[in-house]
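Report on the structure given below.
Nothing in this text is a laboratory measurement; each read-out follows from the coordinates by a stated rule. The structure displayed is predicted, hence computed values, not measured ones. Note that each Cβ is placed from the backbone with ideal geometry, even for glycine, and that neighbours are counted across all protein chains shown.
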Amino acid sequence: MTNKEKQQLLLKDLCARLQYKPHCRVFKLNEDIKENDDILYGIIGDNVITLKSDEDECLMYYQIKPYLRSMSNMTEEELNELHNLLVEAANDDNRIALLFTIELDYYNSHHLDYRGLIPMGLALVAPEGMYN
C-alpha cells in the first residue's frame, strides 16, 4: 500500500468515526507531539478540528493519529452484543441488507481497529480505560 493510499484510508476512517468523538494524538508538522490526548471534533475536506484546536488553527488529517482498540481486545460482552445485533437484523427482512453497515457502525462506536491502522502506524493503541 502506498503512502497516499494509507493517508486516504486514514481520512476515510476518521470521517467514519467522527460522530463517536475518538481520542487522538495531534502532531505538529515537524512530527513533534502537539497534544497527547485530544478529541476529533470536525473534518472539512482534508482539514481536521479537534476539541483543543485554536480558533484559527488548521490541522491536516495526517497530523492526527486516533487511539483505537485492537480487534483482539473485544470483550466477550461486546462479541455477544454484536452477535445479537446481527442476528436481530438478519431476522428482519427490512434490515438484512444493512448487516455490514451495522457491523461497521458497531466497530466505529467501540473504537475498534477493523481496518488495521495500528499495524500500519496510522493509529495508536488506546490505553486501557480510555473509552469507558
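Structure values in brief
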quantity	calculated
Selection from the range 50-86 of residues that are closer than 24 Å to Gly129 by Cα and assigned to a strand (DSSP E or B)	Thr50, Ile64, Lys65, Pro66, Tyr67, Leu68, Arg69
Of all residues making up the range 1-19, the number that are of a type in the set (S, T, N, Q), more than 22 Å from Met130 (Cβ to Cβ) and either assigned to a helix (DSSP H, G or I) or in contact with a Ser or Thr (Cβ under 8 Å, 6 or more places away or on another chain) (or both)	3
Filter result (more than 13 Å from Tyr67 (Cα to Cα), without any contact (Cβ under 8 Å) to a residue 12 or more places away in the chain and either assigned to a helix (DSSP H, G or I) or among the polar types (S, T, N, Q) (or both)) within the range 20-49	Asn30
Answer residue from the range 1-53, given it is basic (Lys, Arg) and exposed (fewer than 14 other Cβ atoms within 10 Å of the Cβ) and is nearest to Glu103 (Cα to Cα) among those	Lys12
Positions within the range 1-18 being closer than 22 Å to Glu57 by Cβ and without any contact (Cβ under 8 Å) to a residue 12 or more places away in the chain, in sequence order	none
All positions within the range 108-132 that are under 15 Å from Cys15 (Cα atoms) and either without any contact (Cβ under 8 Å) to a residue 24 or more places away in the chain or exposed (fewer than 14 other Cβ atoms within 10 Å of the Cβ) (or both)	Ser109
